[in-house]
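S.K.: Before I ask anything, here is the structure I am working with.
The values are calculated or read from the model by the stated rules, or taken from the named source; none is laboratory data. Everything quoted here is computed from the prediction, not taken from an experiment. Neighbour counts are summed over all protein chains in view; Cβ atoms, including those assigned to glycine, are modelled from backbone coordinates with ideal geometry.
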Amino acid sequence: MEKTIVNPQRQFSRRKLATPRTQLDRSQWIEGAIDLIANDGVNGLRVETLARQCGVTKGSFYWHFKDRQDLLTAVLDYWRDGRLRDIEKTTSAPPGDEGAQLHVVFDVYAASPNRKGVSIELAVRDWARHDPQAAAIVESVDLYRLDCTRKLYVAAGMSDADAKSRSVLLYACVFGLSLMHYAHFDDHLDDLRQRIADRIVSP
C-alpha cells in the first residue's frame, strides 16, 4: 500500500490559519446574562441560550460558574455593586452644596431614560417579585438610595422625618417619570421638570 506523505510545512500553516475559539472572562458572562435577562426575563436565562448568544461553547461556562444559580447570584451582586457606585457618585456633595445636589439627583433620574438601563431595572425588579434572594438585593439598593438622599435633605436643613418622606417622594416621582410617555403633555418639558423638581427638592 502506498503511504501518503504529509508536508509538515503545509500542516503547520493550516493550524496557524485556524480561527481560535472566543474565550469570555467571568464579567463578560455576567454582562451577557444581564442583557438576556433584560430582554427575556430571568426565566429566559438558560446556559445554552447564553452560550449561543455569546458565540462560545456551553462547556466553557463551567470554567467560571458552578451552575445556573451561581451565575444568577453573580448577576445580582454585579447589578447591586453597580447601582451602589452610581448612587454614591450621584448623591455625593461637598458641605453647603447638598440642596444643589438634590437637584442633580432629580435631573439625573428624570432625564430622558436610558432604555437599556430601564429594561434591566424592570427585569431585576420583576425577578425580585418572585425570588427572595433578588428581593433582598433590590431592597438593599433601594434603602441605600433612600438613605443617601435623606442625608442630603437633612444637611440642607430638613428634619429627619421630613427628609425620609421627601426621599421616598423624589424616587417615586423620577421612577414613575421613567415609565411614562408624556413628551406631548407640555410644550416646555424642561420647564415642567424644573417645576416638579422645585416642589420635591425645595424645603
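S.K.: Please verify whether D147 is assigned to a helix (DSSP H, G or I), of a type in the set (D, E, K, R) and in contact with a Pro (Cβ under 9 Å, 6 or more places away or on another chain), treating the condition exactly as stated.
M.R.: Judged against the criteria, D147 is not a match.
S.K.: So, Y78, is that one modelled with pLDDT of 95 or more, surrounded by 13 or more Cβ atoms within 10 Å (Cβ to Cβ) and in contact with a helix residue (DSSP H, G or I) (Cβ under 8 Å, 6 or more places away or on another chain) or not?
M.R.: On the way: modelled with pLDDT of 95 or more: yes; surrounded by 13 or more Cβ atoms within 10 Å (Cβ to Cβ): yes; in contact with a helix residue (DSSP H, G or I) (Cβ under 8 Å, 6 or more places away or on another chain): yes.
Here the answer is yes, as Y78 does meet what is asked.
S.K.: Give the stretch 31-48 a look and list any residue that's touching a residue at least 60 places away in the same chain (Cβ under 8 Å) and more than 19 Å from D81 (Cβ to Cβ), or say none.
M.R.: If the condition is that a residue be touching a residue at least 60 places away in the same chain (Cβ under 8 Å) and more than 19 Å from D81 (Cβ to Cβ), then N39, G41 are the ones that fit.
S.K.: What are the residues in the stretch 103-139 that are among the charged types (D, E, K, R) and either farther than 21 Å from N43 by Cβ or not in a helix (DSSP H, G or I) (or both), if any? Let's see the steps before the verdict.
M.R.: Of the stretch 103-139, the ones among the charged types (D, E, K, R) are 107, 115-116, 121, 125-126, 129, 131, 139.
Within the stretch 103-139, D107, R115, R129, D131, E139 meet the criteria.
S.K.: In the stretch 185-194, what residues are more than 28 Å from the chain's Cα centre (by Cα) and exposed (fewer than 12 other Cβ atoms within 10 Å of the Cβ)?
M.R.: Matches in the stretch 185-194: F185, D187, H188, D191.
S.K.: Can you tell me which residue in the stretch 171-184 is farthest from V141 (Cα to Cα), limited to those that are part of a loop (DSSP other than H, G, I, E, B) and within 26 Å of the chain's Cα centre (by Cα)?
M.R.: The qualifying residue farthest from V141 (Cα to Cα) is A183.
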